[in-house]
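Worksheet for the structure shown next.
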Amino acid sequence: MSASTAGTDQIVIRKCMGMDELKACVDLQKEVWNFDDVDIVPLRLFVVSQKIGGQVIGAFSDNQLVGFAFSIPGSRNGHSYLHSHMLAVREKFRNYGLGRRLKLAQRDDAIAHGFDLLEWTFDPLEIKNAYLNLVKLGAITRRYSVNHYGLSSSPLQGGLPTDRLVAEWWLKSKRVLNLLERNQSPKFTAVKKIRVPGEIYSWKAADADRAKAAEVQKRNREEFLSSFRDGLSVLSYARDDDGNGEFQLGRWDEKLSYASPGSEGNHED
Ligand SMILES: CC(C)(COP(=O)(O)OP(=O)(O)OC[C@H]1O[C@@H](n2cnc3c(N)ncnc32)[C@H](O)[C@@H]1OP(=O)(O)O)[C@@H](O)C(=O)NCCC(=O)NCCS
């Protein structure tokens, strides 16, 4: 199938079945992240995840795996939720809506199994991922984790510390229902904006420019941490024609949380 048809109904989203489809997820993971072996999520964890209430959902073109979403169950303060550890789409199938469709399938399956919350982390320097998570899916974020995984072997990380924002996707929140069922973007007053320059991808990729990317990461880290301490949440994201991105922060008016009282807005433990 050509990439031009990749966004059509011919791509089937469904749970992965059998060892060969799980192996295909491991292979696609290697292709997408190009990790060293030590950083690879092994086949056995995909197997275990399916057996303990996690999710391995694939996107299939002519029965070939071209994308997957992988999650494991988690628990915080007595509440069960799903932690989505990986979302990947093969390069030539990107930007046809498959990432979003995989997340929506995760959501349907999560709700069917009684979950209200799906979480995942994402790199705050990845403009595309921020846009997908915040604008297309309606996730929010109010937690920041400094150097979450330690140093990563993936070239996508560009040798920078693995700082991550934690996306919280409250599956039945007003915000998510309005967006997914009525196509209404959430209304809020932005009281702070945190900017990511469009050049960030080329800066991360080039040895000569990496210091500029590190500088943006350091500056934004401080801004996120202090904003979250002040009780702000990231509620939307904007990108301009030059590819720059902008996190928009405000006060979330829904009181959904599994954190201990007073612990939101801090570092991830
Ligand atoms: C993240 C990823 C899974 C998204 O998959 P995808 O199928 O391309 O996603 P979608 O097509 O559903 O949505 C992407 C959206 O971002 C937009 N987008 C593309 N490039 C962008 C950019 N540089 N800046 C901002 N938005 C961008 C797309 O236009 C699309 O929005 P639209 O539908 O309004 O046009 C895929 O890019 C990927 O595999 N990346 C590498 C691995 C990764 O980073 N995984 C996520 C972290 S675990």
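The values are calculated or read from the model by the stated rules, or taken from the named source; none is laboratory data. Computed from a prediction, not measured in an experiment: that's the story for all the values here. In this analysis, Cβ positions are derived from the backbone assuming ideal geometry, glycine residues included, and neighbour counts consider all displayed protein chains. Just so you know, the surface numbers come from the protein's heavy atoms only, side chains and all, with ligands and any DNA or RNA stripped out. Shrake-Rupley method; radii C 1.70, N 1.55, O 1.52, S 1.80 Å.
Quick one: count up the residues across segment 39-64 that are within 26 Å of residue 96 (Cβ to Cβ) and surrounded by fewer than 17 Cβ atoms within 10 Å (Cβ to Cβ).
Number satisfying all stated conditions: 3.
Residue 208: over 23 Å from residue 103 (Cβ atoms), of a type outside the set (D, E, K, R) and not in a helix (DSSP H, G or I), yes or no? Quick ask: steps written out before the conclusion?
Numbers: over 23 Å from residue 103 (Cβ atoms): yes; of a type outside the set (D, E, K, R): yes; not in a helix (DSSP H, G or I): no.
Considered against the rule, which asks whether it is over 23 Å from residue 103 (Cβ atoms), of a type outside the set (D, E, K, R) and not in a helix (DSSP H, G or I), residue 208 comes out as no.
Let me confirm something: among 130, 167, which residue is open to solvent by less than 10 Å² (accessible area, probe 1.4 Å), under 30 Å from residue 36 (Cβ atoms) and in contact with a Ser or Thr (Cβ under 6 Å, 6 or more places away or on another chain)?
167
Taking residue 77 as the residue in question, decide whether it is among the polar types (S, T, N, Q), more than 14 Å from the ligand (Cβ to nearest atom) and at positive phi.
Yes; evaluated as a whole, the condition is true for this residue.
Looking at residue 204, is it within 16 Å of the ligand (Cβ to nearest atom) and of a type in the set (D, E, K, R)?
yes
Just wondering, is there one or more residues in segment 82-89 that are open to solvent by 20 Å² or more (accessible area, probe 1.4 Å) and more than 8 Å from the ligand (Cβ to nearest atom)?
Yes, there is a match, as at least one residue in segment 82-89 is open to solvent by 20 Å² or more (accessible area, probe 1.4 Å) and more than 8 Å from the ligand (Cβ to nearest atom).
When you scan segment 95-120, how many residues do you find that are among the hydroxyl-bearing types (Ser, Thr, Tyr) and within 19 Å of residue 72 (Cβ to Cβ)?
Within segment 95-120, residues that are among the hydroxyl-bearing types (Ser, Thr, Tyr) and within 19 Å of residue 72 (Cβ to Cβ) number 0.
List pairs: first residue in segment 212-225 and open to solvent by 90 Å² or more (accessible area, probe 1.4 Å), second residue hydrophobic (A, V, I, L, M, F, W, C) and part of a helix (DSSP H, G or I) anywhere in the structure, Cβ distance under 7 angstrom, at least six positions apart or on different chains.
Matching pairs, first to second residue: 212/203.
Residue check: is residue 100 near the ligand (Cβ under 9 Å from one of its atoms), of a type outside the set (Phe, Trp, Tyr), farther than 28 Å from residue 255 by Cβ and open to solvent by 30 Å² or more (accessible area, probe 1.4 Å)?
no
Take segment 147-177 and flag every residue that is near the ligand (Cβ under 10 Å from one of its atoms) and modelled with pLDDT of 95 or more.
164, 167
Could you please let me know if residue 183 is more than 16 Å from the ligand (Cβ to nearest atom), without any contact (Cβ under 8 Å) to a residue 60 or more places away in the chain and of a type in the set (S, T, N, Q)?
Taking the combined requirement at face value, the residue does not satisfy it.
Across segment 104-146, which residue is nearest to the ligand (Cβ to nearest atom) among those that are free of Cβ contacts under 8 Å to residues at least 40 places away in the same chain, more than 14 Å from residue 237 (Cα to Cα) and in a helix (DSSP H, G or I)?
Across segment 104-146, the extreme among qualifying residues is 108.
Among strands (runs of 3 or more DSSP E) lying entirely in segment 24-98, which contain 2 or more residues that are within 25 Å of residue 150 (Cα to Cα) and free of Cβ contacts under 8 Å to residues at least 24 places away in the same chain?
64-76
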